[in-house]
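The structure under discussion appears below in the form of structure tokens.
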Amino acid sequence: MPVTPPPLDPVPWWGTTAAVVAPVALIGGWTWAGAITPGYDPVRQTISDLAAGDAPTHWLMTAALVVTGLAYIVAAIGLRPADGAGRTLLGVGGAAVLLTAWIPNDTQGRNEVGHMIATYMAFISLTVWPAVIARNRPDAPLVLRRRFGQVVAIGLGVLMLVTVADIVVGGATLGLRERVLAGAQSLVPLVVVLGCRQRGSAP
């Protein structure tokens with residue numbers, strides 16, 4: 001007689017809250033900072049320009065990045081139904097976002113090595129983690145199925161490659177491409193958390 005596996009662990013309320021906070025802080029932060037920066041072009045200029053040492057919105061955008069990074073880490077801890085490898089990568093992505101805030105560019109429009117390394121770490125971790133959150137059990141919700149995570153990771157990977165290519169060649173739409181990538185990455189934890197809760201993984 002087959003043994004029924006124990007139910008998946010629930011996503012606590014604070015995990016859900018963190019998943020909501022991440023996109024609100026990131027997207028809201030760059031929107032607010034860009035709106036109060038005279039002459040700022042969100043299509044051409046990067047998010048990092050808003051947090052650069054000489055930017056008038058340095059502390060505002062830095063605070064937004066810190067909140068976003070912490071939200072990723074808390075969401076990773078709270079995403080109990082997911083596999084540990086994916087949760088770890090999400091947490092690494094959050095830590096990398098914190099590093100980008102801690103090591104800003106000194107001036108707008110000029111990328112520092114430390115800042116770029118932290119940025120690439122965040123991009124890669126926040127792109128790959130959905131591919132390794134799958135749970136090999138029949139009662140796993142759709143968002144924890146291998147195919148779902150792979151499709152999401154591939155989509156984010158394409159956006160990341162396009163963004164990195166724009167960084168390398170200094171494309172005129174780098175700011176827009178970076179926002180599309182970062183915005184999509186910030187929404188994925190929320191989608192996964194809500195998918196888990198909808199399936200009844202939380203009280």
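Can you give the net charge of the other residues whose Cβ lies under 14 Å from the Cβ of GLY149, counting K and R as +1 and D and E as -1?
Combined, the nearby Lys, Arg, Asp and Glu give +4.
As a check on your grasp of the helix formula, calculate [θ] at 222 nm for the chain: sum -39500 (n - 2.57) over DSSP H runs of n ≥ 4, divide by the residue count, round to the nearest 500. Provide the component values of the computation, followed by the final result.
Values: 7 runs with 133 residues, N = 203.
Value at 222 nm, helices only: -22500 deg cm²/dmol.
In sequence order, what are the phi-derived ³J(HN,Hα) couplings for the stretch 99-114 according to the Karplus relation 6.51 cos²θ - 1.76 cosθ + 1.60 with θ = phi - 60°, rounded to whole Hz, with x for glycine and proline?
Karplus-based 3J(HN,Hα) across the stretch 99-114 equals 5, 5, 6, 6, 10, x, 5, 5, 10, 5, x, 10, 8, 8, 4, x Hz.
Rounded to the nearest 0.05, what FRET efficiency do ILE154 and TRP102 give with R0 = 25 Å and r taken as the Cβ-Cβ distance? Could you check?
On the way: r = 31 Å, r/R0 = 1.23.
E between ILE154 and TRP102, to the nearest 0.05, is 0.25.
Just the projected area, averaged over all directions, of the convex hull on the alpha carbon atoms of the stretch 11-61: how many nm²? Working shown, then result.
On the way: hull surface 16.2 nm².
Its average projected convex-hull area is 4.0 nm².
Please report the relative contact order for the chain, taking Cα pairs under 8 Å with a sequence separation of at least 6, and give it as a percent rounded to a whole number. Please report the intermediate quantities before stating the final value.
Details: 335 pairs, mean separation 56.4, N = 203.
Dividing the mean separation by the residue count of the chain yields 28 percent.
What's the Cα-based Rg to Rh of the stretch 13-198, Rh via Kirkwood?
On the way: Rg = 16.1 Å, Rh = 16.4 Å.
Rounded to two decimals, Rg over Rh is 0.98.
Scan the chain and hand back the longest stretch that contains none of the trypsin sites (Lys or Arg not before Pro) lying in DSSP loops with at most 15 other Cβ atoms within 10 Å.
On the way: sites that count: ARG44, ARG110.
No qualifying site falls inside 111-203, the longest such stretch.
Enumerate the calculated ³J(HN,Hα) couplings along the stretch 153-158 in order (Karplus 6.51 cos²θ - 1.76 cosθ + 1.60, θ = phi - 60°), each rounded to whole Hz, writing x wherever the residue is Gly or Pro.
After applying 6.51 cos²θ - 1.76 cosθ + 1.60, I find 5, 5, x, 5, x, 5 Hz.
Since every read-out is calculated from the coordinates, none of them should be taken as a lab result. Treat the numbers as computed from the prediction; the structure is a model and nothing was measured. Cβ: placed from backbone, ideal geometry, glycine included. Neighbour counts: every protein chain shown.
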